[in-house]
Amino acid sequence: MMHNTKVHIVYCHPDNNSMTNEIKKAYINGLKSRNIDYTISDLYKQHFKSDITRSEYQRESDIISSNLSGEVLAQQRLINDADILTFIFPLFWMDAPSKLVGYFSRVFTVGFRYTNDDTKESMNRLKEVNFLIITGSSYDDLLNDGKIDALKTIFVDDRIADKAERTRMYFFSNTAVHKKERLLNKQRYIKRAGKIGMITPKRI
């Protein structure tokens, strides 16, 4: 049975004046233009704890059995309440910012994202997962160096895998350029991010 689409956004950037933040706002405006419901986890704004604790590590390693923290459970509920999950972040040294790396480590837990036995994990299968990734390097340079394929392996094939019917990666590249070119890219990327939000299906 079809229902109104709900999107959950996981956003990670330390600077509110960044191009990443402008892209996030444009994507949200695209959702709003179609009256699509959304929630957002702004990891820096929420002071999300990125370091995995000793007890969390031992739980993941099947050394001890312990309850998940309220912070982690809240993030898991937001994912399971959504039809579409969208990550928006810059690349730092060819990886997500440390807070987002910590998010994956702490939220994609055993029992939720995966299991060590024959029981079924509790993370719902999403209709769609989007990665909006902002890079200083050009897309062609990243592609020719094999880094686009490496990022796909990490984020799509490993972290999401079969937990989405489809997964898309959108790259917003060449942001570390001279001021004039950066301004042109910003205008173009804001328009593009808005369109990505606007093509989100209203009902699923």
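The values are calculated or read from the model by the stated rules, or taken from the named source; none is laboratory data. Here the structure is a predicted model, which means the values were calculated and not measured. Note: ideal-geometry Cβ built from the backbone for every residue, glycine included; neighbour counts use all protein chains shown.
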A careful count of residues in the stretch 120-150 that are in contact with a Ser or Thr (Cβ under 6 Å, 6 or more places away or on another chain), modelled with pLDDT under 95 and within 19 Å of Ala164 (Cα to Cα) gives 1
Restricted to the stretch 1-31, and to residues that are within 15 Å of Pro90 (Cα to Cα) and part of a loop (DSSP other than H, G, I, E, B), which residue is nearest to the chain's Cα centre (by Cα)? Cys12
Out of the residues in the stretch 165-204 that are modelled with pLDDT under 95 and among the β-branched types (Val, Ile, Thr), which is nearest to Asn29 (Cα to Cα)? Ile204
Looking at Glu121, Glu128, which is the one that is in contact (Cβ under 8 Å) with a residue 24 or more places away in the chain and touching a strand residue (DSSP E or B) at 6+ places or on another chain (Cβ under 6 Å)? Glu128
Given the criterion among the hydrophobic types (A, V, I, L, M, F, W, C), touching a helix residue (DSSP H, G or I) at 6+ places or on another chain (Cβ under 9 Å) and modelled with pLDDT of 95 or more, identify the matching residue among Leu73, Leu91, Leu100. Leu91
Those residues of the stretch 32-51 which are crowded, with 17+ Cβ neighbours inside 10 Å and either on the phi > 0 side of the Ramachandran plot or more than 16 Å from the chain's Cα centre (by Cα) (or both) amount to Ile36
For the stretch 67-95, give me each residue that is among the polar types (S, T, N, Q) and under 11 Å from the mean Cα position of the chain (by Cα). Thr86
Restricting to the stretch 125-162, and then to whatever is buried (at least 16 other Cβ atoms within 10 Å of the Cβ) and among the polar types (S, T, N, Q), can you tell me which residue is farthest from Gly194 (Cα to Cα)? Ser137
Among the numbered conditions (1) surrounded by fewer than 16 Cβ atoms within 10 Å (Cβ to Cβ); (2) assigned to a helix (DSSP H, G or I); (3) touching a strand residue (DSSP E or B) at 6+ places or on another chain (Cβ under 8 Å), tell me where Glu165 comes up short. (2)
Out of Ser55, Ser33, Ser50, I need the residue that is more than 14 Å from Ile84 (Cα to Cα) and at pLDDT below 95. Which one? Ser55
